[in-house]
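Working notes for the structure below.
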Amino acid sequence: MHEYFIQNISYHKDEVVKLKGWVYNLRKSGKIWFLILRDGTGIIQCVVTKNDCDEASFDLKDVLTQESSVMVTGKVIADERADGGYELIAHKVELVSIAGEYPITKKEHGIEFLMDQRHLWLRSKRQHAIMRIRHTIIKSIRTFFDQRDFTLVDTPIFQKGATEGTATLFETDYFDDKAYLTQSGQLYAEAAAMALGKVYCFGPTFRAEKSKTRRHLTEFWMVEPEMAYYDLDMDMDLAEDMISYIVAEVLMNRRLELETLERDITKLEAIQKPFPRIHYDDAIKLLQARGVDVQWGDDFGAPHETIIGEAHESPVMVHHYPSAIKAFYMKRDPADSKYALAVDMLAPEGYGEIIGGSQREDDYDLLVERMREEGMDPANYDWYLDLRRYGSVPHAGFGLGVERTVAWICGLSHIREAVPFPRTMSRLTP
RNA sequence: UCCGGAGUAGCUCAACGGCAGAGCGGGUGACUGUUAAUCACUAGGUUGGGAGUUCGAAUCUCUCCUCCGGAGCCA
């Protein structure tokens, strides 16, 4: 059986094909009507007249509603008047199911209403384009690691305690115990890297922070590579290669979708290696030179990240943050222990931090010392400390926020559109 | 948690102390090239909840609720 899809319709010019889909829109004009058909791969205009199709099909115009499901058989022709350049001269229209009054109309809607209708909103052109770009981003990430001989290692979602002391975790009953939903697979990825060399985990991550901004979700997807025998510079090289690859793949395979989103493609085409690498000290100087009130030792807030990111066309990597504001597992610079061998990658156009990474502390004693400084009990991390007891090596890794990357590449104003069913402080349905 | 903003028809909004309205969507009808088609007619309301001021409140005051944006935190 041959299946025909709208995205490939130009290969079937002058053929009679059968398309299966949904009514995206209807325009009736007496003895001719136009059925805008959507099949999940694209949208095409079907022209229905009594000259070309049977009467029962023609009369469906009085019955069909927006989003009713139909199958249309007809001849593919090229026509300038049709959006997309091709249209279908219908020979037969078969009704599958009549849709009730569709909540999403052709006029504008508010974001809250559309999010309530998220399960239906995904059918719209714009959301369709975002989901396909998201797919390509995820696929390109997996291909990127696969081509570099990384092994995928899935890490647990139920975890005993926090990876980083500060973040608020979702707590859940675990038989007679408590468990927390993961905020990072990193510690497990480190264990896997000692077994397999180069690994990555890719899964959902949960943060119970009461954040209400366009950059935050309570549930988001994160990809975390971890590499044995990597130092900070190699870590940054990898992050830069990965982002360049993702952007190139999207530009090559999702041009139509970027155009649907009215994304300024020149901004993406400008992403070129090498990305600027700025020492934390220089980032502070850059901010101070622009009149921002920051002192050495401060962490960067969203406005700071925006200023640093906007200074360059490509993403910027800021490295050597003060260890005091970074996580316990990040290795301190042997040359000057007040710095951590850490890096954040800031996306252009104000999209902020998309990657956070570091070389890890591989010395047992220094790691225990850092845990104690953070008020952590090393006894709770005995298995993690085993990685430093048995064949410890220099290693590094980073975490990439998938939705922030999607939001940046798509040019979205809010991260909640970057995931099919977003979870935020105030949204658990649909 | 803090700061700001908003809740009026199914949806998007107007009316801002004096008869609650429009567009879209729904219904009925017209139209053989429409592009969020157009045109005519039509149905559709506990103005977020509660209290107060007033001859009179969607409008002013208080309070509660919900949502949105931002900060902090982070991917």
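Go through the residues of the stretch A:398-407 one by one and say whether even a single one is among the charged types (D, E, K, R) and touching a Pro at 6+ places or on another chain (Cβ under 9 Å).
Going residue by residue through the stretch A:398-407, those that are among the charged types (D, E, K, R) are A:403-404.
From the residues that got through so far, the ones that are touching a Pro at 6+ places or on another chain (Cβ under 9 Å) too are A:403.
Yes, some residue in the stretch A:398-407 is among the charged types (D, E, K, R) and touching a Pro at 6+ places or on another chain (Cβ under 9 Å).
What is the number of the single condition among (1) open to solvent by less than 40 Å² (accessible area, probe 1.4 Å); (2) more than 14 Å from RNA strand B (Cβ to nearest atom); (3) touching a helix residue (DSSP H, G or I) at 6+ places or on another chain (Cβ under 6 Å) that A:LYS331 does not meet?
So the condition that A:LYS331 fails would be (3).
A:THR172 is checked against (1) within 15 Å of RNA strand B (Cβ to nearest atom); (2) closer than 27 Å to A:MET376 by Cα; (3) among the hydroxyl-bearing types (Ser, Thr, Tyr) and fails just one. What number does that condition carry?
All conditions pass for A:THR172, except number (1).
I'd like the residue in the stretch A:208-224 that is within 6 Å of RNA strand B (Cβ to nearest atom) and hydroxyl-bearing (Ser, Thr, Tyr) and, out of all such residues, is surrounded by the most Cβ atoms within 10 Å (Cβ to Cβ).
A:SER211
Mind checking which residues of the stretch A:58-72 are open to solvent by 30 Å² or more (accessible area, probe 1.4 Å) and touching a residue at least 40 places away in the same chain (Cβ under 8 Å)?
Filtering the stretch A:58-72 for residues open to solvent by 30 Å² or more (accessible area, probe 1.4 Å) gives A:59, A:61-63, A:65-66, A:71.
Of everything in the stretch A:58-72, those that are open to solvent by 30 Å² or more (accessible area, probe 1.4 Å) and touching a residue at least 40 places away in the same chain (Cβ under 8 Å) turn out to be A:THR65, A:GLN66, A:MET71.
Among A:MET227, A:MET236, which is modelled with pLDDT of 95 or more, more than 12 Å from RNA strand B (Cβ to nearest atom), farther than 18 Å from A:GLU403 by Cβ and touching a Lys or Arg at 6+ places or on another chain (Cβ under 6 Å)?
Selected residue: A:MET227, the only one of A:MET227, A:MET236 that is modelled with pLDDT of 95 or more, more than 12 Å from RNA strand B (Cβ to nearest atom), farther than 18 Å from A:GLU403 by Cβ and touching a Lys or Arg at 6+ places or on another chain (Cβ under 6 Å).
Which residue is surrounded by the most Cβ atoms within 10 Å (Cβ to Cβ), if the candidates are limited to the stretch A:414-424 and must be near RNA strand B (Cβ under 8 Å from one of its atoms) and either hydroxyl-bearing (Ser, Thr, Tyr) or within 20 Å of A:ILE246 (Cα to Cα) (or both)?
A:ILE415
What's the total number of residues in the stretch A:22-45 that are within 16 Å of RNA strand B (Cβ to nearest atom) and within 34 Å of the chain's Cα centre (by Cα)?
Let us first name the residues in the stretch A:22-45 that are within 16 Å of RNA strand B (Cβ to nearest atom), namely A:22-38, A:42-45.
Retained after the next criterion (residues that are within 34 Å of the chain's Cα centre (by Cα)): A:22-26, A:35-38, A:42-45.
Qualifying residue count for the region: 13.
Take the residues in the stretch A:193-205 that are of a type in the set (A, V, I, L, M, F, W, C) and surrounded by fewer than 22 Cβ atoms within 10 Å (Cβ to Cβ); name whichever of them is nearest to A:MET425 (Cα to Cα).
We begin by selecting, within the stretch A:193-205, every residue of a type in the set (A, V, I, L, M, F, W, C); these are A:193-196, A:199, A:201-202.
Then keep just the ones that are surrounded by fewer than 22 Cβ atoms within 10 Å (Cβ to Cβ); that gives A:194-196, A:202.
Numbers: A:MET194: 37, A:ALA195: 38, A:LEU196: 37, A:PHE202: 23 Å.
Checking each candidate, the answer is A:PHE202.
Would you point out which residue out of A:GLU374, A:GLU353, A:GLU369 is near RNA strand B (Cβ under 9 Å from one of its atoms), surrounded by fewer than 22 Cβ atoms within 10 Å (Cβ to Cβ) and assigned by TED's automatic domain parsing to the domain that holds A:SER244?
Unique residue meeting the criteria: A:GLU353.
Among the residues of the stretch A:262-307, how many are open to solvent by less than 50 Å² (accessible area, probe 1.4 Å), more than 19 Å from A:HIS320 (Cα to Cα) and assigned to a loop (DSSP other than H, G, I, E, B)?
4
The values are calculated or read from the model by the stated rules, or taken from the named source; none is laboratory data. In this text, all values refer to a predicted model and were calculated from it rather than measured experimentally. Cβ sites come from the backbone with ideal geometry, for glycine too, and all protein chains shown count toward neighbours. Note: areas computed on protein heavy atoms with side chains; ligands, DNA, RNA excluded. Shrake-Rupley method; radii C 1.70, N 1.55, O 1.52, S 1.80 Å.
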